[in-house]
Amino acid sequence: MIRATSSLTKKQKNDIWALLKMCDSEFVPPLSKREGTTQKNLLNEIKDSEPTEYFDALIKQSFILYTKCFKVIGFLSFIPDHKLKAGEALDINCDYISTIIVNPKYRNKGITTAMYQKLFRERSAEKYATRTWSQNHAHISILEKLGFKLILTLKDDRGEGVDTVYYAKGENNA
């Protein structure tokens with residue numbers, strides 16, 4: 001079952017916390033080394049063994065939840081009507097997709113695509129945007145299939161050879 005929500009139950013929060021911990025090290029940098037979902041300087045790492053600060057920022061956002069047997073197995077979090085800035089190179093209003101996680105046991109089954117499509121049906125935003133890292137080929141492939149375009153690359157933003165890449169879909173893609 002897939003649904004949109006702006007308020008989470010205690011069980012949903014617990015399921016999201018479990019997914020964050022399970023997938024923490026798959027992100028560059030790991031979520032446990034970040035202070036939140038819109039952090040600008042990704043090399044300025046916090047020293048936390050769990051993604052506590054990230055979770056605290058995340059649960060204030062809106063969600064698309066993918067559940068199976070009442071358990072969250074995937075989620076897409078987003079900030080509606082967000083002003084996305086990246087230095088002087090990027091300044092747009094959009095629905096900002098901040099985090100997408102699917103339990104590894106359920107990957108490659110179209111869940112991420114289904115969550116994006118649910119977002120598009122639920123929110124008729126003029127523009128959607130997200131960021132990821134340049135080696136996240138699986139996510140970039142999905143974004144491109146959904147009509148997102150690369151709008152900005154911040155070279156070595158996440159370390160040597162690891163760029164932050166911004167993608168947008170919608171009016172003029174910029």
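Output the residues belonging to region 78-107 that are in a strand (DSSP E or B) and more than 12 Å from the chain's Cα centre (by Cα). So that I can check it myself, show each step before the final result.
Step one: filter region 78-107 for residues in a strand (DSSP E or B), giving 78-86, 90-102.
Once the filter is applied, which keeps residues that are in a strand (DSSP E or B) and more than 12 Å from the chain's Cα centre (by Cα), region 78-107 yields Pro80, Asp81, His82, Lys83, Leu84, Lys85, Ala86, Leu90, Asp91, Ile92, Asn93, Cys94.
For region 58-95, give me each residue that is among the acidic types (Asp, Glu), over 21 Å from His139 (Cβ atoms) and in contact with an Asp or Glu (Cβ under 9 Å, 6 or more places away or on another chain).
Step one: filter region 58-95 for residues among the acidic types (Asp, Glu), giving 81, 88, 91, 95.
Add one more test, that the residue is over 21 Å from His139 (Cβ atoms), and what stays is 81, 88, 91.
Once the filter is applied, which keeps residues that are among the acidic types (Asp, Glu), over 21 Å from His139 (Cβ atoms) and in contact with an Asp or Glu (Cβ under 9 Å, 6 or more places away or on another chain), region 58-95 yields only Asp81.
If I filter region 108-147 down to residues being in contact (Cβ under 8 Å) with a residue 24 or more places away in the chain and part of a loop (DSSP other than H, G, I, E, B), which single residue comes out as nearest to Ala4 (Cα to Cα)?
Arg123
Of everything in region 148-158, what is modelled with pLDDT under 95, outside any strand (DSSP E or B) and surrounded by 14 or more Cβ atoms within 10 Å (Cβ to Cβ)? Give them in sequence order.
Within region 148-158, just Arg158 meets the criteria.
Could you pull out the residue among Lys83, Lys60 that is under 15 Å from Ser6 (Cα atoms), free of Cβ contacts under 8 Å to residues at least 12 places away in the same chain, surrounded by fewer than 19 Cβ atoms within 10 Å (Cβ to Cβ) and among the basic types (Lys, Arg)?
Going through Lys83, Lys60 in turn, the sole match is Lys60.
The values are calculated or read from the model by the stated rules, or taken from the named source; none is laboratory data. Computed from a prediction, not measured in an experiment: that's the story for all the values here. Glycine also receives a Cβ, built like all others from the backbone with ideal geometry; neighbour counts cover every protein chain displayed.
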